[in-house]
Structures are given as structure tokens and as C-alpha cells.
Amino acid sequence: MFGNQPVLIIMKLKAYITLLLTLLITASTLAQVKFEAKVSKSKLGVNERLRVDFEMNKDGDHFIPPDFSNFTVVGGPNQSVSNSWINGVRSFTKTYSYFLAPKKQGNFTINQASITIDGETYKTIPLKIEVTSAVDIPKDPNDPDYLAAENIHLVAEISKENPYLNEAITIVYKLYVSPNTGVDNWQEINSPRYNDFWSQNIDMQGQKVQTGTYNGEDYRYLVLRKTVLYPQKTGKLDIEPLSLNISVQVPTNRRDIFGRRLMAQANRTVSAGNKTIHVKPLPEAGKPADFSGAVGVFDFNVSMSKTELNASESFQAKVEVKGKGNLKLFNLPKISLPSSLEVYEPEHHENVQTNIDGMQGSISDTYTVVPQFKGTYPTPSISFSYFDLKSETYKRLESKEVVINVLQGPISGTGSQDNLITSNSKQPVILSSEQFAFIKTKSNFTSITPTYFFQTKLFWASLLLPFLVIPLAILIRRKKAERDADIFGNRIRNADKLAKKYLGHAKKALGQKEAFYIALEKALHNYLKAKLHLETSDLSKDKIKMLLSERGVNEETISDFSNLMENCDLARYTPITAVTMQQDYDIAAKTISLIDKQAN
């Protein structure tokens, strides 16, 4: 009996050790933190969606997702938490979910996400994703994604796909939705870029849902955007698509207890697709030598505010083009006047409206003219040429000759023939009394005696100068202190210095369109970097407006700054006169100065 006791002790000891190891393993297993990334599929078509889940078994803080640079986030982050007890063991799971749409085909990597749990940072393992060409989506009538694809369409309608250079065309974006489908909201993913076009969007406020047909079926549609384009290059030009991510409600085959059809929510990415425009060059046959690029239908007129006046009085000569066409994209002909009439730089005026049919209105150059001498001055006729789209021929318009009568004033020998003066009388020769002054008949010799610095004027000046400088230095110091205390005045002076500093290169480039607007755009961006302490490359125009508004800049100044930025973009494709460049420069200097005064 007693001989079995050591065996029993050993068996009990083994049992205790086994139990202890089991408890330690269980505790270590429960204490282990897991943070991992999971994807719904590692290979998908470019027209499919991908779900990415970031799961953790313990709650954490400061979750940082990866940069989904090759995907569009169409949903998420959605957060879910699961907390349960099974056989006395707690199970916890927290998940961040994202729904992604690939932007293009290729092999991509979803980089690491990170989170902080109990003061420690955990990261997921990068995941490889392969995106193939578009795949056939199963036509399941109960699949919300399939129903959304069948019932929603984004269409770009172009008025003309083979226009002439500088001929107006219109692109209209329509969103078609079937009658039994609802749209909750949409988000613009990609905006169309109109490279090599002059473009202007038409105001779409107050648009209503309309009814129409798509592929022979009844649909509702909404016009999202209308844009007028003027091609600035010939050949094949591409228009990048408009893409939207839409949240929709689609009907299912299921019904509630009252027999009503149940709706399912789905996210759908729709695109208008790339569009190609083939731009024809203007014909060379019959092109006038003075043709400056005007395309459309126009009237041309040259008028004078006065035809009779006195010398040194002024009158206005106005060169004006009216009609329908690319009014902002060509230069007006220059007026030609006699040399005895002093002509100043013209003031350019535009009264142009842009609607669905293109630009309409008038542009003009107004010259201020001041006659210097009495006489009769005929102003030569000038011509304006344009390409008529209806007849597809060039047309020339000429102004009438106008005679300017200067009634009173000095008579010029270079004036009109009525004022020519000839004289055969001989002019008397006036002899100068200093004619032979270069012959010196007398000499002025002076004795050379040694001079000493002591008691000279320079000596006394050097002696008294320090006593004069001390009060002057005190006065200057007081003035400097007063200037430093003048906070408002210093802000004004600093603002003017900043404007001159950042606009220095733009001023040097006045008269050179591309160089000027590139320098002006850099000046505006560099000013924002210096003023807001930000990198403007990542900021949108709306963000810049918001930041300036937060700094206390008034709306008018912000609007002027935004208009200047748009002018810099449009100037690459738009003919610009020296007057317009000078106006933009003056507005830029004024705007930078105002922002620096107003910003907190």
C-alpha cells in the first residue's frame, strides 16, 4: 500500500504540470493581438468591385488606412464590432471595411494599414491584387449591382464631331435613370479635361428632371453639365470622360408583407467614355492676308466720336466687331491714322455672352486721338476678314473713310496739302561774338603756395561734424521707432513690397503672353505658399477660397484672386492683347496687396 504512494505523487504532479501548461498556453493565446487585412478577391476585372477588410481582435486607436492610389474608394470606411462570449471565453472583432473600384488594369499592391493597441503599433501585411480587362457580369436579376448597371447610364452628346478650327461645338452630359430606379446621391470621380480647347461651362441652375428615351426605352434624365468648346488645334483631339459614383435604389423580386416590392441599395460607377473630335483646318484657298482667326458671322464698324474739333482737343476712334462666333479668340484690326494725330493705346471692351450656341455679342477697341495741328485729315479705310461657316468661305468687311477737320491750331509743314508752307527768303547769318574765343590772348597765372590742413574749412567741418551727427541720429531713431509702432502702415508697406517681389518676373515678361502668364501664375502660387505657409500643389481652388476666407479676406478680393488663376489657365489657348496683360498685372498687384492687408 505504501509502495504505491511515490507513483501516485508522480501522477498527480504530472497532472498539475499539464494543467498549468494548458492555462499558460490559453492565456498566451488569448493575450495575442491580431491585426490583418483581408480581400474579397485577389483577381478581378476592371469593371468589378473589391472589398478590403482590416480586422483586429482587440480594440485600438489611430487607425491609418493605406493609400488606395490605384483604386477609387466607392464605399467606406464602414466600421463593425462583434463582441461575444462562448463557453466563458470572450471573442472580440473590430473591422474597418472599404469598397474599391480599380482605375485601370495591372498588378497593384494594397500597402500596410496601421493601428495602435495598448501603446503598441501594429501593421498589416501588404496584399497583391491583379486587375484584368473587363469581365462579363452575371445577369442575375436579383443582383443589385447588375440591376444598377442595366438601369443607369451616363451619356455625353456632342453637337458636332468634325468642326472647323475655332468653330463652336457643345457637349452635353445626361444621366439616364429607368423609371423604377431611384438615385440617392452621386459623387464626381473624374472631371473631363478639355486640352487644346477654349471652354466655358453653361450655368445649369434650376435644371429639372425630364423624360426621354434611351435605346428605345422610356427613361428619366437630368442634364448634369453643358460646355461650349472652341477647338484651338487641328487633327484628332481627345476629350477625357466624366465619371460618377452613384448610390442607387434598385427593385428586387422580393416583396414585403403588404406585397410591395423591396428595394436594394447599390453603388454604381458610370462613365461617359472618351470622346474624339476631328478638327478640320480652315481652307487655304482664298484666305485673306489680314485674316486673324475670326470664325462665325460678324458685322464690322469704325466710328469717330467727333469729326470737327480744335487742335489739342481729343476724340475717340472706335473699332468694333459684332456678331456670333469666337469673339474672344481673335484680335481686332489696328486703326491707321495720319502721323499728325497723336494716338494712344486702345481700351479693349468685351460685351460677350456664352450660351449653348456659343459666343454672341461685341468686342471693341477704343482709341483716344489728339490732333496737334490745324488741317484736314482723311482716315484710311481698314478691313476685317472672317471665315463664314454657312458658306464655308472667307468674307471681308471694310470701313468707310472718315475725314477729320481740325479747325484751329498751329500749322504744320507736314500737314495736309492745304497747309504746306514754302519759303524762298534767305535767312540772315548771325555771327557769334565768341567765334574766335578759342584764341587765348591773355594768360591767368597763379602762384603755387603750400597749404596746410590745420584751420582749413575741411578741418573745422571735420571737427564740428560729430556734434551735428548726434542730434541727427537721435531724430532718425525716433522716426524709426514711430515707423515700427505704426502697425497698420507697416502692413501696407510690406504688402506693397510683397506685390513687387512676387510680380517682378511677370512685369519683365509683359507683352509676351505665355511667359507673362506663367510668371504670373508662379507669383500667385509662391505668394500663397509664403502667406499661408502651405504647399499649393495639393490645394483645390475651393480650398484656397476657404483658407483665404478663414483668414478674414473679403469675398471681392477672393473672387479677383480666383479670376486671375482662371485667366492664367485660359491664356494658353486665348489670344491676349498687351492691354489685357497690363490689366491682369495691375489686378494681381492690387489683389496681393489687399490679401496681405486683410489676412490675419
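The values are calculated or read from the model by the stated rules, or taken from the named source; none is laboratory data. In this text the structure is predicted, and so the values were computed from the model without any measurement. No Cβ is skipped: glycine too gets one built from the backbone with ideal geometry, and neighbour counts run over all protein chains shown.
Remarks
- Out of Gly206, Gly212, sole residue that is outside any strand (DSSP E or B) and either in contact with a Gly (Cβ under 7 Å, 6 or more places away or on another chain) or not assigned by TED's automatic domain parsing to the domain that holds Phe330 (or both): Gly206
- Residues that are modelled with pLDDT under 80 and buried (at least 20 other Cβ atoms within 10 Å of the Cβ), drawn from segment 577-592: Met581
- Test: residue in segment 380-395 that is assigned by TED's automatic domain parsing to the domain that holds Lys306, buried (at least 16 other Cβ atoms within 10 Å of the Cβ), under 27 Å from Asn201 (Cα atoms) and out of contact with any strand residue (DSSP E or B) (no Cβ under 6 Å at 6 or more places or on another chain): yes
- Only listed residue being of a type outside the set (A, V, I, L, M), assigned by TED's automatic domain parsing to the domain that holds Ser385 and modelled with pLDDT of 85 or more, chosen from Phe315, Phe291: Phe315
- Sole exception among (1) modelled with pLDDT of 80 or more; (2) aliphatic (A, V, I, L, M); (3) part of a strand (DSSP E or B) for Val74, by number: (1)
- Of Asn162, Asn166, all but one fail to be within 30 Å of Val228 (Cβ to Cβ) and surrounded by 12 or more Cβ atoms within 10 Å (Cβ to Cβ); the exception is Asn166.
- Residue in segment 315-323 that is farther than 30 Å from Asn405 by Cα and basic (Lys, Arg) present: no
- Filter result for the condition that a residue is among the aromatic types (Phe, Trp, Tyr), touching a strand residue (DSSP E or B) at 6+ places or on another chain (Cβ under 9 Å), in contact (Cβ under 8 Å) with a residue 40 or more places away in the chain and over 27 Å from Asp203 (Cβ atoms), over Phe298, Phe373, Phe330: Phe373
- Taken together, the residues in segment 339-375 that are in contact with a helix residue (DSSP H, G or I) (Cβ under 9 Å, 6 or more places away or on another chain), closer than 30 Å to Pro410 by Cβ and either in a loop (DSSP other than H, G, I, E, B) or polar (S, T, N, Q) (or both) amount to 3.
- Among the residues of segment 399-415, those that are without any contact (Cβ under 8 Å) to a residue 60 or more places away in the chain and in contact with a strand residue (DSSP E or B) (Cβ under 8 Å, 6 or more places away or on another chain) comprise Glu401, Ile411.
- Segment 61-95, residues that are surrounded by 12 or more Cβ atoms within 10 Å (Cβ to Cβ) and either free of Cβ contacts under 8 Å to residues at least 24 places away in the same chain or not hydrophobic (A, V, I, L, M, F, W, C) (or both): Pro65, Pro66, Asn70, Thr72, Gly75, Gly76, Pro77, Asn78, Thr93, Lys94, Thr95
- Residue count for segment 154-190, restricted to those that are part of a loop (DSSP other than H, G, I, E, B) and over 21 Å from Lys280 (Cβ atoms): 4
- When Lys318, Lys328, Lys324, Lys374 are screened for being surrounded by 15 or more Cβ atoms within 10 Å (Cβ to Cβ) and farther than 30 Å from Asp584 by Cβ, only Lys374 passes.
- Test: residue in segment 329-338 that is more than 20 Å from Ile404 (Cβ to Cβ), assigned to a helix (DSSP H, G or I), under 37 Å from the mean Cα position of the chain (by Cα) and in the same structural domain as Ile382 (by TED's automatic domain parsing): yes
- Count - residues of segment 333-370 that are among the small types (Gly, Ala, Ser), under 30 Å from Gln200 (Cβ atoms) and crowded, with 16+ Cβ neighbours inside 10 Å: 3
- Residue pairs meeting the criteria (Cβ under 8 Å; at least 6 apart or on separate chains; first over 21 Å from Asn195 (Cβ atoms), in segment 223-250; second small (Gly, Ala, Ser) and not in a strand (DSSP E or B)): Ile246/Ala148; Val248/Ala148; Val250/Ala148
- Any hit, segment 298-312, residues being of a type in the set (D, E, K, R), surrounded by 14 or more Cβ atoms within 10 Å (Cβ to Cβ) and within 23 Å of Lys390 (Cβ to Cβ): no
- Qualifying residue in segment 133-141 (condition: surrounded by 10 or more Cβ atoms within 10 Å (Cβ to Cβ), at pLDDT 80 or above and polar (S, T, N, Q)): no
- Test for Ala156: is it in contact with a Lys or Arg (Cβ under 9 Å, 6 or more places away or on another chain) and more than 30 Å from Asn70 (Cβ to Cβ): no
- Verdict on Ser385 being within 15 Å of Gln316 (Cα to Cα) and assigned to a strand (DSSP E or B): no
- Flag: Asn107 matches the condition of being without any contact (Cβ under 8 Å) to a residue 40 or more places away in the chain and not hydrophobic (A, V, I, L, M, F, W, C).
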